[in-house]
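The structure under discussion appears below in the form of structure tokens.
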């Protein structure tokens with residue numbers, strides 16, 4: 001029997017919490033309402049909650065009961081378009097159900113399970129902006145409080161990450177000289193230069209790693225020219241590399257392209273090696289996370305329910321069974337880390 005006047009903590013309604021979060025439109029840039037709802041929910045459960053402003057309308061949510069040694073973290077923004085939740089065949093559908101509101105709910109449930117067992121050294125850090133440049137995590141790194149371990153949540157099919165690839169985004173720019181297309185010899189085609197550079201890129205050996213594999217890339221955007229009957233004076237393409245090494249190794253490999261074009265660096269997120277605990281299946285993941293921008297929160301781990309293959313899709317979902325398994329896994333991971 002509980003002591004007089006002491007209320008036993010109520011277990012988290014895992015499905016209800018996931019659906020409540022999914023049903024709030026928090027596509028990146030619109031996280032304010034979800035943040036307010038989440039902060040109020042955590043305060044009602046007895047957490048000390050800090051709302052860290054990221055811009056005029058959005059904020060990160062940090063919730064603690066004591067001094068955290070292990071911090072569970074994920075993001076509550078999601079990609080557009082918004083669509084609300086529904087339950088069907090043991091799955092929670094809806095935007096963000098997999099990436100990453102179901103993960104957030106599982107982390108809260110795990111922290112509450114640990115609290116009922118008398119463990120107060122678990123913190124919760126929920127971030128805005130992960131889907132569009134990680135401005136939330138960059139801000140959160142400034143308020144790190146000395147935790148030793150950060151367990152970041154992304155869809156990993158309930159496997160622990162060994163490593164994640166980085167991202168290098170480059171803009172390739174070609175310059176030419178406009179001329180009437182009936183006299184092409186009077187002009188200089190920027191589009192031809194750009195095409196030559198992109199074809200040459202296919203033949204360049206890029207860095208590889210025994211754990212992360214080979215660097216690969218996507219030409220995601222391409223534009224150029226002014227009219228069909230004008231030799232193009234300018235053209236550009238944006239290329240996204242999924243990196244396995246420092247960005248400088250790629251820049252060195254593609255340096256010969258700069259004889260024909262100019263290369264501007266837009267984004268560089270390094271690959272990350274991750275900690276693990278015993279007893280879990282592990283895998284390498286080709287995507288990037290908030291982890292590279294949370295360096296002051298402790299040794300990073302990566303784990304979460306759901307598949308990246310359904311994240312961002314029109315049928316995004318997470319299995320309820322996976323969420324339940326994730327709660328138990330987060331508890332086990334935290335226990336293993338707290339015993340180190």
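List of remarks:
- Meets criteria (out of contact with any strand residue (DSSP E or B) (no Cβ under 6 Å at 6 or more places or on another chain) and surrounded by fewer than 22 Cβ atoms within 10 Å (Cβ to Cβ)) for residue 216: no
- Among all residues of the stretch 192-211, there is none that is modelled with pLDDT under 95 and in the same structural domain as residue 281 (by TED's automatic domain parsing).
- The stretch 41-97 holds strands (runs of 3 or more DSSP E) entirely within its bounds, and those carrying 2 or more residues that are under 29 Å from residue 148 (Cβ atoms) map to 48-53, 59-64, 70-75.
- Sole residue being within 23 Å of residue 215 (Cβ to Cβ), at pLDDT below 95 and over 14 Å from the mean Cα position of the chain (by Cα), chosen from 267, 254, 261: 267
- Among (1) outside any loop (DSSP other than H, G, I, E, B); (2) in contact with a strand residue (DSSP E or B) (Cβ under 6 Å, 6 or more places away or on another chain); (3) over 22 Å from residue 240 (Cβ atoms) - the single one residue 161 does not satisfy: (3)
Residues checked against (1) without any contact (Cβ under 8 Å) to a residue 40 or more places away in the chain; (2) over 21 Å from residue 289 (Cβ atoms); (3) not in a strand (DSSP E or B):
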| site | (1), (2), (3) |
| --- | --- |
| 300 | no, no, no |
| 305 | no, no, yes |
| 313 | yes, no, yes |
| 318 | no, no, no |
| 322 | no, no, yes |
| 326 | no, no, yes |
| 334 | no, no, yes |
| 337 | no, no, yes |
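- In the set 197, 235, only one residue is part of a strand (DSSP E or B) and surrounded by 13 or more Cβ atoms within 10 Å (Cβ to Cβ); that residue is 235.
- Selection within the stretch 22-38 - closer than 13 Å to residue 59 by Cβ and buried (at least 20 other Cβ atoms within 10 Å of the Cβ): 26, 31, 34, 35, 38
- Of the residues in the stretch 282-297, not one is over 13 Å from the mean Cα position of the chain (by Cα), buried (at least 18 other Cβ atoms within 10 Å of the Cβ) and assigned to a loop (DSSP other than H, G, I, E, B).
The values are calculated or read from the model by the stated rules, or taken from the named source; none is laboratory data. Note that the coordinates shown come from a computational prediction; the quantities given were computed from them, not determined experimentally. Every residue, glycine as well, gets a Cβ built from its backbone with ideal geometry; the counts of neighbours run over all protein chains shown.
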